[in-house]
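Notes for the one structure printed next.
The values are calculated or read from the model by the stated rules, or taken from the named source; none is laboratory data. Everything numeric here is computed off the predicted structure, so don't read it as measured data. Virtual Cβ from ideal backbone geometry, glycine too; neighbours counted across all protein chains shown. Only protein heavy atoms, including side chains, enter the accessible area calculation; ligands, DNA and RNA are left aside. Shrake-Rupley method; radii C 1.70, N 1.55, O 1.52, S 1.80 Å.
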Amino acid sequence: MPAVTDYRWIRTSDWRLVVLAGSCDDILEERVRSLVDKQAWAKHPQTLALSFSSAAEKDSDLFLKVLHRSKGGSGWKNWLRRSKAFQAWHQGLALNEAGFNVPVTLAAGVQRRFGGLRRSFILTRKVAGQGAPFFLRELRESSSDKNWLQAKRAGLLQLAAIIRSLHENGFV
């Protein structure tokens, strides 16, 4: 997993980007910014799955998360703090450094106008994994009634150990 020093900062008109060196070429950057620009405002972040092939990223499955500015009174907070995309990038680096499996951030960007946040994004590689509902359903289907309870308890113990490790490393 890369460190902060592996990223380069780019400024273009009203965008400020941080890009993993050697991971994004101009074609991918152009496609990402085009997709971000096409997204209509939404209260909640929008996540888009991308499949992309380029010189930098060979047949990669990527996720693009687009975050929009807050409306109303909470929008003032964005003048005073780092964007949620940059917060997620820093948090991912810290989690990785602590030994947790997190997706590699290829790029993060923020668009501001007159200092006010308009939108931001974070582009990450897909990590191997499975959502909890799918995992539990699969576990249930592969276990007998007697084994199900034992498997459920073992799964809860694993989850508790991960949460304990997060807290011991200062993550809340």
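Some values worked out for this structure:
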| read-out | value |
| --- | --- |
| Subset of segment 106-117 (residues that are of a type outside the set (A, V, I, L, M, F, W, C) and surrounded by 17 or more Cβ atoms within 10 Å (Cβ to Cβ)) | Gly109, Gln111, Arg112 |
| From the options Ser54, Ser60, residue that is modelled with pLDDT under 70, open to solvent by less than 30 Å² (accessible area, probe 1.4 Å) and not acidic (Asp, Glu) | Ser54 |
| Pairs with Cβ under 6 Å, 6+ apart, first in segment 147-172 and at pLDDT below 85, second surrounded by 11 or more Cβ atoms within 10 Å (Cβ to Cβ) and polar (S, T, N, Q) | Ala151/Ser143 |
| Boolean, Leu117 is within 23 Å of the chain's Cα centre (by Cα) and closer than 27 Å to His44 by Cα | yes |
| Members of segment 4-15 found to be in contact with a helix residue (DSSP H, G or I) (Cβ under 9 Å, 6 or more places away or on another chain) and at pLDDT 85 or above, listed by number | Val4, Tyr7, Ile10, Trp15 |
| Sole residue being open to solvent by 60 Å² or more (accessible area, probe 1.4 Å), within 30 Å of Met1 (Cα to Cα) and out of contact with any Phe, Trp or Tyr (no Cβ under 7 Å at 6 or more places or on another chain), chosen from Gln130, Gln150 | Gln130 |
| Checklist (1) part of a loop (DSSP other than H, G, I, E, B); (2) open to solvent by less than 30 Å² (accessible area, probe 1.4 Å) applied to Ile122, failing item | (1) |
| Among residues of segment 63-92, those that are open to solvent by 80 Å² or more (accessible area, probe 1.4 Å), at pLDDT below 85 and not charged (D, E, K, R), counted | 3 |
| Cross-chain or 6+ apart pairs with Cβ under 6 Å, segment 37-57 first and within 22 Å of Trp15 (Cα to Cα), then modelled with pLDDT of 80 or more and in a loop (DSSP other than H, G, I, E, B) | Gln46/Gln39 |
| Scan of segment 1-45 for residues that are of a type in the set (A, V, I, L, M, F, W, C), part of a strand (DSSP E or B) and surrounded by 10 or more Cβ atoms within 10 Å (Cβ to Cβ), ordered by number | Ile10, Trp15, Leu17, Val18, Val19, Leu20 |
